[in-house]
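Everything below concerns the one structure shown next.
Every number here is computed from the coordinates shown, using simple stated rules; none is lab data. The structure presented is a predicted model; accordingly, all values stated were derived computationally and were not measured. Cβ coordinates were reconstructed from backbone atoms using ideal geometry, including for glycine residues, and neighbour counts include every protein chain displayed.
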Amino acid sequence: MERTLSIIKPDAVAKNVVGKILTRFEDAGLRVATTKKIQLSQADAEAFYAVHKERGFFADLVSFMISGPVVVSVLEGENAMAKNRELMGATNPKDAVAGTIRADFADSIDANAVHGSDSLENAEIEINFFFAQREIF
Ligand code: GDP
């Protein structure tokens, strides 16, 4: 059984599709082990995306991620990390396969609806960034 971190980004929260996105996870056999809506601070977003700090899009990414509340969840299930990445679709919604979350709900590479951990090692780091063990069931 694996756990991975999902973030429903500010664009999707603003579009009122939180329930639709969580339903996709559940319909694919993943379980929402915990979830909460939070407003990230600039420091939160910079720390969360620290691996990208040298990239040209870092400032845009941080300002987008703090532009409104996000919904962070821990997803649990068999192959949860890879399954979530498959459900999300490609980073750029223009390249995302039809029926994926980004194909259906994302507008651009910045406003691309969801984040998902890209390795089990990062999943553990990202889950611990947002949640205490006693919040995950
Ligand atoms: P992900 O794992 O599919 O979310 O993609 P990455 O970890 O590579 O990038 C993190 C986030 O940075 C993406 O979800 C995008 O929102 C943003 N991003 C990545 N590449 C680019 C880019 O070339 N331009 C812009 N503007 N944003 C990008």
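Assuming Ala43 fulfils every condition listed in (1) assigned to a helix (DSSP H, G or I); (2) buried (at least 19 other Cβ atoms within 10 Å of the Cβ) apart from one, which condition is it?
(2)
Let's see how each residue does on (1) within 13 Å of the chain's Cα centre (by Cα); (2) assigned to a loop (DSSP other than H, G, I, E, B); (3) not acidic (Asp, Glu):
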position	(1), (2), (3)
Gly68	no, yes, yes
Val71	yes, no, yes
Met81	yes, no, yes
Arg85	yes, no, yes
Thr91	yes, yes, yes
Ala103	no, no, yes
His115	yes, no, yes
Asp118	yes, yes, no
Asn128	no, no, yes
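Please work out which one of (1) under 11 Å from Lys9 (Cβ atoms); (2) more than 9 Å from the ligand (Cβ to nearest atom); (3) free of Cβ contacts under 8 Å to residues at least 60 places away in the same chain is the condition Glu86 fails and give its number.
So Glu86 meets the others, but not (1).
Quick check on Gly77: is it of a type outside the set (A, V, I, L, M, F, W, C) and more than 15 Å from the chain's Cα centre (by Cα)? Spell out the reasoning first.
Working: of a type outside the set (A, V, I, L, M, F, W, C): yes; more than 15 Å from the chain's Cα centre (by Cα): yes.
Answer is yes for this residue.
Would you check if Ala47 is over 17 Å from Glu2 (Cα atoms) and among the aliphatic types (A, V, I, L, M)? Write out each step before concluding.
On the way: over 17 Å from Glu2 (Cα atoms): yes; among the aliphatic types (A, V, I, L, M): yes.
Yes.
Check the range 92-113 and report whether any residue there is among the aliphatic types (A, V, I, L, M) and surrounded by fewer than 16 Cβ atoms within 10 Å (Cβ to Cβ). Write out each step before concluding.
Taking the range 92-113 first, the residues among the aliphatic types (A, V, I, L, M) are 96-98, 101, 103, 106, 109, 111, 113.
Imposing the further condition that a residue be surrounded by fewer than 16 Cβ atoms within 10 Å (Cβ to Cβ) reduces the set to 97-98.
Yes; the residues of the range 92-113 include at least one that is among the aliphatic types (A, V, I, L, M) and surrounded by fewer than 16 Cβ atoms within 10 Å (Cβ to Cβ).
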